[in-house]
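The values are calculated or read from the model by the stated rules, or taken from the named source; none is laboratory data. These figures come from a predicted structure and were not determined experimentally. Note that we place each Cβ from the backbone using ideal geometry, even for glycine, and neighbour counts take in every protein chain shown.
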Amino acid sequence: MTAVRHAAEDLLRELAPQVLGTLVRRYGVFDACEDAVQEALLAAAVQWPEAGVPDNPRGWLVTVASRRLVDQIRSDSARRSREDTLALATPQAELLGHAADTVPDADRDDSLALLFLCCHPALSPASRIALTLRAVGGLTTAQTAAAFLVPESTMAQRVSRAKQTVKASGTPLAVPEGTDLTERLAEVRHVLYLIFNEGYTSTGGGDGTGLTAPELTAEAIRLTRMLHRLLPDDTETAGLLALMLLTDARRTARTGPSGEVVPLAEQDRARWDRGAIAEGTDLISRILPLGRVGPYQLQAAIAAVHDEAQDTEATDWPQILALYDILEQFGPNPMVSLNRAVAVAMVHGPAAGLDLIASLETDNRMARHHRLLATRAHLLELLGEHDAASASYREAARRTTSAPERRHLSARAQRLEAP
C-alpha cells in the first residue's frame, strides 16, 4: 500500500499544474481555481490509494475541481454576480464535470505558463516560492509551512496575498514573449534555485525541516526537469538542472550518524549518488560547448569538478579557480567571491585566500555573515593560528540559524581550544 500511495502522490504532483492550468484557462479566476484544485488533489490523495487510479486521472481531477469551483461560487453569496457571469459564459454541463479528454484542446499543457504566473514580478521572492510550491508543485499549505518552519496560518496568509496580487494584476495565463520572456524566465529559474537551496541547507541536519513527500530539493529538481522539458534549448535551465543534480548527489554524505555536519573534504565519497553525478556531468558537458554560457552552467561545471575528484587533494583547484574567475564577470556576488577565496587558498595558499576575505568584510551583506566567518576560521586553522581560528568559529556559530551548523562550528572551536 505504501508503494501505491507514493505512486499516486507522484502522479498528483505531475498533474497538479496541468489541472490548474486547464481551470484557469477556462474560468480565469486564479485564486478560486487554485483552491478548487487543492481540494481535488486532497480528495484524490485519500481515494486513489484505496480505490485505484482512474483511467483518466487528469480528467478525474478536472471534473472534481470544476465541481468544487461551482460549489465555492454557490456557497458565497457575496460573489453571486461572479457566479452569474460564469454560468452565462460556460455551459453547466461543462462546469459539472466533463472529463479533460472530452474538451477541445484538453491535451494542452499550461504548466510553463503557470510557472510564469506564480513567479509574477509583483510578488516577493517568498511569495513566489510559496505560490509555486502550492500551485505548480501541488503541495498543501501545511506541507509548505512545515518546509519553511512557519505556522500554517502564516503560510496561508502568504499564499492568499500572493493569489490576490496575481488576480489584481490581471495577467493572463500565457507564456511571455520576446524580452519579457527572457526576463521572466530568469525569475522562474531563480525561484527554483531558491527552493533547492532552502531544501539543501535546511534538510541536511535531519532536524525535521524538510518536507516528508517530497523534500524541497527533490521538488526543486522535479520542477526544473519540467521546465527543461518544456524549454529544451534553454542552456541556463539545463545548467540549473545539472547544478541541482551534481549538488544533491552529495546530500546523504553531508551528515553523520547523529545528524552532524560533515564538510566536503571529510565526506565519504562512496556515499555520493553516482547516477545523479553521471546525469549532471553529461548534461553540463553537452551544453557548455554550445557557447551560451551563464552563471548556472558555470556553477554546475564547478560542482562537476568537485564530484569527479576522488578526494580533496585530487581536486583540480586551478580549473575551479578559473571557472570562478569567469563566474565573477557576470556581476558582483559576495557569495561567489567568498567561494573564489577558498579556491585561491587551495591554489596559492591560505594567506592569499584570507586577503580576499578581508576585502569582503567591507561588504555589509557579508561582513558578519556566518559563512564568511567560518571560511576565515578554516583558513586561519590551516595557517596554524588556532586562537584566532577558534574565535572566528565561535562567532560563526553564534550567527548561524542552523542548529546542525552551530554544533559543527562550536565543535571545531572546541577542538582547537583543547589542551
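Against the conditions (1) modelled with pLDDT under 60; (2) in contact with a Cys (Cβ under 9 Å, 6 or more places away or on another chain); (3) aliphatic (A, V, I, L, M), LEU96 satisfies every one except (2). In segment 20-36, the qualifying residues are those that are touching a residue at least 60 places away in the same chain (Cβ under 8 Å) and within 25 Å of the chain's Cα centre (by Cα), and the one that is surrounded by the most Cβ atoms within 10 Å (Cβ to Cβ) is LEU20.
Residues checked against (1) modelled with pLDDT under 90; (2) among the aromatic types (Phe, Trp, Tyr); (3) in a helix (DSSP H, G or I); (4) more than 17 Å from the chain's Cα centre (by Cα):
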site: THR144; (1), (2), (3), (4): yes, no, yes, no
site: THR171; (1), (2), (3), (4): yes, no, no, yes
site: VAL175; (1), (2), (3), (4): yes, no, no, yes
site: LEU181; (1), (2), (3), (4): yes, no, yes, yes
site: LEU185; (1), (2), (3), (4): no, no, yes, no
site: ARG189; (1), (2), (3), (4): no, no, yes, no
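Looking at segment 141-157, can you tell me whether even one residue there is in contact with a Ser or Thr (Cβ under 7 Å, 6 or more places away or on another chain), of a type outside the set (Gly, Ala, Ser) and surrounded by 14 or more Cβ atoms within 10 Å (Cβ to Cβ)? Yes, some residue in segment 141-157 is in contact with a Ser or Thr (Cβ under 7 Å, 6 or more places away or on another chain), of a type outside the set (Gly, Ala, Ser) and surrounded by 14 or more Cβ atoms within 10 Å (Cβ to Cβ). Cβ separations smaller than 6 Å between residues 6+ apart or across chains give the following pairs from segment 269-289 residues that are of a type in the set (S, T, N, Q) to residues that are assigned to a helix (DSSP H, G or I) and crowded, with 17+ Cβ neighbours inside 10 Å: THR281/ALA304.
For LEU321, the conditions (1) under 22 Å from ALA238 (Cα atoms); (2) in a helix (DSSP H, G or I) all hold with the exception of (1). Would you pick out the residues in segment 386-418 that are outside any helix (DSSP H, G or I), without any contact (Cβ under 8 Å) to a residue 60 or more places away in the chain and closer than 23 Å to SER337 by Cα? Result: THR400, THR401. Could you list, in sequence order, all residues of segment 315-364 that are of a type in the set (Val, Ile, Thr), farther than 18 Å from LEU243 by Cα and within 26 Å of the chain's Cα centre (by Cα)? Matches in segment 315-364: VAL342 only. Close Cβ contacts (under 7 Å, 6 or more residues apart or on different chains) running from residues in segment 248-266 that are part of a loop (DSSP other than H, G, I, E, B) to residues that are surrounded by 14 or more Cβ atoms within 10 Å (Cβ to Cβ) and among the β-branched types (Val, Ile, Thr) comprise ALA249/ILE277; ARG254/VAL261; ARG254/VAL262; GLY256/VAL262; VAL262/THR255.
Collect the residues in segment 44-67 that are crowded, with 18+ Cβ neighbours inside 10 Å, within 22 Å of ASP109 (Cβ to Cβ) and not β-branched (Val, Ile, Thr), keeping them in residue-number order. ALA44, TRP48, PRO57, ARG58, GLY59, TRP60, LEU61, ALA65, SER66, listed by residue number. For residues in segment 191-225 being modelled with pLDDT of 85 or more and of a type in the set (Ser, Thr, Tyr), which is surrounded by the fewest Cβ atoms within 10 Å (Cβ to Cβ)? That would be TYR193.
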